[in-house]
1. Can you say whether PHE114 is in the same structural domain as LYS160 (by TED's automatic domain parsing), without any contact (Cβ under 8 Å) to a residue 24 or more places away in the chain and among the aromatic types (Phe, Trp, Tyr), as far as the supplied structure shows?
2. Test ASN106 against the stated conditions and say whether it is under 26 Å from ILE132 (Cα atoms) and without any contact (Cβ under 8 Å) to a residue 12 or more places away in the chain.
3. For the stretch 189-210, enumerate the residues that are more than 35 Å from the chain's Cα centre (by Cα) and not in a helix (DSSP H, G or I).
4. Filter the stretch 102-118 down to the residues that are of a type in the set (S, T, N, Q) and part of a strand (DSSP E or B), then identify the one that is surrounded by the fewest Cβ atoms within 10 Å (Cβ to Cβ).
5. Of everything in the stretch 127-167 that's farther than 13 Å from PHE103 by Cβ and in contact with a helix residue (DSSP H, G or I) (Cβ under 6 Å, 6 or more places away or on another chain), which residue is surrounded by the fewest Cβ atoms within 10 Å (Cβ to Cβ)?
6. Is it true that some residue in the stretch 147-154 is modelled with pLDDT under 85 and under 26 Å from the mean Cα position of the chain (by Cα)?
7. Would you confirm whether any residue within the stretch 126-142 is at pLDDT 90 or above, under 23 Å from LEU80 (Cα atoms) and in a helix (DSSP H, G or I)?
8. Can you pull out the residues in the stretch 171-188 that are of a type outside the set (Asp, Glu) and assigned to a loop (DSSP other than H, G, I, E, B)?
Amino acid sequence: MPLRKNKKIWVYFFLFILCGTFSNKYLNNINFPKIKKIEVLGLEENNKIRLSEKLSYLKQQNLLILDQDKIKNILNSNYLIEKYFIVKEYPSSLKFKIIKTKFLANLSKDGKLFFLGSNGKLIETQKSLENIPFVFGEFNEVEFFIFKSIIDDTSSLDYKEIKNLFFFPSGRWDFETHSDQLIKLPKVKIRESLELYSKIKKDETFSNAKVIDLRQINQLVINE
């Protein structure tokens, strides 16, 4: 009986090796789709070319099996990108659909000029944009986005009206409009103060005011 069992074991082992060898040969002969074309959409031409060059290593790789982590690292390291979608187009194309971040503010840091993007990242630039405000002061991105969301929720105040934003160590914000009017805000009840300013700016009595001080609750100070 032990001899028969040993023979059976050897037979099964031989069949396992034979089937494995056959399967490997079969898999090696399969032509998996290889990437021949990489297309980047949603960026300006020069940025598109740079990103395409970083992704060019994907050419001739298996379209079915991609190193997702490596691709994510490349895309996330590009601060111009807000969101992205990767589309496989068989048999041999890979398309990257990019949603570019929106530039919300200009700022200077360590002697360099940056845009603050809607993705919360700083994008270095050589020239500021006139259609977005310049931010002064040491602030973090969270503080900025909280303040901007309050502005956006104020129905009669347009973010585009703001020329400069000033952040103070106390956590307080001031802003200057394109009509050179400086509005000083309190640290708390910012929303209520902005609503009050929205009403004031409609009143022609205050059209020549250079400074509107709303720092004191229930108190308005005007300087012409």
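1. Here the answer is yes, as PHE114 does meet what is asked.
2. In short, no.
3. Residues satisfying the conditions are LYS202, ASP203, SER207, ASN208, ALA209, LYS210.
4. SER108
5. SER156
6. yes
7. yes
8. Correct list: GLY171, ARG172, HIS178, SER179, GLN181, LEU185, PRO186, LYS187, VAL188.
The values are calculated or read from the model by the stated rules, or taken from the named source; none is laboratory data. Note that this is a predicted model, so its numbers are computed, not measured. No Cβ is skipped: glycine too gets one built from the backbone with ideal geometry, and neighbour counts run over all protein chains shown.
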